[in-house]
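Right, one structure below, let's go through it.
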Amino acid sequence: MATFEIKTKRPINVQGEYVDTGLSVQVSSMFPNPFDEVDKIHKAFKRIHGIDLKPEGYLSLGYLEYKTI
């Protein structure tokens, strides 16, 4: 099982709140690409930072990047 760090690539506006580049969470996954379990990423951002990226459409590699830790 790998642990990934997911970061925002650029500044974004989430429901009127400014999110700067580099805001990150950590998730673990059995898959080599954590975006195969995008719901884990959604829940991690919501739990840790209180930010819901799903309705805004920001849960993609266009807005987020990942690396293995």
Filtered residues of the stretch 1-17 (kept if touching a strand residue (DSSP E or B) at 6+ places or on another chain (Cβ under 7 Å) and open to solvent by 90 Å² or more (accessible area, probe 1.4 Å)): Met1, Lys9
Of the residues in the stretch 60-69 that are hydroxyl-bearing (Ser, Thr, Tyr) and in contact with a Ser or Thr (Cβ under 9 Å, 6 or more places away or on another chain), the one that is surrounded by the most Cβ atoms within 10 Å (Cβ to Cβ) is Tyr63
Residue ID - nearest to Met1 (Cα to Cα), chosen from residues in the stretch 18-30 that are in contact (Cβ under 8 Å) with a residue 12 or more places away in the chain and exposed (fewer than 12 other Cβ atoms within 10 Å of the Cβ): Met30
Taking the stretch 38-59 and the residues there that are touching a Leu at 6+ places or on another chain (Cβ under 6 Å) and not in a helix (DSSP H, G or I), the one that is surrounded by the fewest Cβ atoms within 10 Å (Cβ to Cβ) would be Leu59
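The values are calculated or read from the model by the stated rules, or taken from the named source; none is laboratory data. Quantities reported herein were computed from a predicted structural model and do not represent experimental measurements. Quick reminder, even Gly has a Cβ in these numbers, built from the backbone with ideal geometry, and neighbours come from all protein chains shown. Note: areas computed on protein heavy atoms with side chains; ligands, DNA, RNA excluded. Shrake-Rupley method; radii C 1.70, N 1.55, O 1.52, S 1.80 Å.
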